[in-house]
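The values are calculated or read from the model by the stated rules, or taken from the named source; none is laboratory data. Everything numeric in this text was worked out from a predicted model, so none of it was measured. Note that we place each Cβ from the backbone using ideal geometry, even for glycine, and neighbour counts take in every protein chain shown.
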Amino acid sequence: MSSETTHAAHHEGEEHESMTKKKIWSVFWILLGITTIEFIIALYLVPHGIIPLKAANPVYIILTLFKAFYIIAYFMHLKFERVGLIYAVVVPVLFIIGLILVLTNESHHWIDLRA
C-alpha cells in the first residue's frame, strides 16, 4: 500500500514539475519576444526614421513594464502570493512610478523656463 502511495505522490510531483517547466519556458518565450520587439525598434525602426524617438520612448516604457510584470509575477512568485502581499508590493511601486512621472514633467518645465 505504501509503495502505491509513494508511486502516486512521485507521479504527481513529476506532473507538477513538467507543468512548472512548461510555464517557465512560456514566460521565457514571452520575455524573449518583448526583448526582440525592443531591439527591432531601437536598432532598425528609430534609426531609419520609421518611428520617431518621441513615439518610441513610451513604447519602450510599456514593453519594459510588461517584462517587469512577468519577471515579478513568475520568477519572484508574486503571482502566487496572497492579495495583501501583492498590494504591499504593487501600491508603493505605483506611487514611485507616479513620482518619477511628476518629477520628469517638472524637470521639463524648468528646462523650458531656462531656454
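Can you tell me how many residues in the range 19-50 are within 22 Å of Met76 (Cα to Cα) and either loosely packed, with under 10 Cβ neighbours inside 10 Å or at pLDDT 65 or above (or both)? Write out each step before concluding.
Narrowing the range 19-50 to residues within 22 Å of Met76 (Cα to Cα): 19-35.
Subset that is either loosely packed, with under 10 Cβ neighbours inside 10 Å or at pLDDT 65 or above (or both): 20-35.
Total satisfying the criteria: 16.
Considering only the range 51-81, how many residues are more than 23 Å from Ile97 (Cα to Cα) and either surrounded by fewer than 11 Cβ atoms within 10 Å (Cβ to Cβ) or assigned by TED's automatic domain parsing to the domain that holds Ile97 (or both)? Lay out the reasoning, then the answer.
So in the range 51-81, the residues more than 23 Å from Ile97 (Cα to Cα) come out as 51-52, 80.
Now restrict to residues that are either surrounded by fewer than 11 Cβ atoms within 10 Å (Cβ to Cβ) or assigned by TED's automatic domain parsing to the domain that holds Ile97 (or both): 52, 80.
So the count comes out to 2.
Can you run down the residue pairs with Cβ atoms below 8 Å, 6 or more apart or on separate chains, where the first is in the range 86-99 and hydrophobic (A, V, I, L, M, F, W, C) and the partner is surrounded by 10 or more Cβ atoms within 10 Å (Cβ to Cβ) and modelled with pLDDT under 90?
The qualifying pairs are Ile86/Leu78; Val89/Ile72; Val89/Leu78.
Which of the residues that make up the range 83-115 are loosely packed, with under 10 Cβ neighbours inside 10 Å, small (Gly, Ala, Ser) and more than 23 Å from Ala73 (Cα to Cα)?
Of everything in the range 83-115, just one residue is loosely packed, with under 10 Cβ neighbours inside 10 Å, small (Gly, Ala, Ser) and more than 23 Å from Ala73 (Cα to Cα), namely Ala115.
Residue pairs, Cβ under 8 Å, 6 or more apart or interchain, first in the range 63-81 and in contact (Cβ under 8 Å) with a residue 24 or more places away in the chain, second among the hydroxyl-bearing types (Ser, Thr, Tyr). List them.
Listed by first residue and then by second, the contacts come to Lys67/Thr35.
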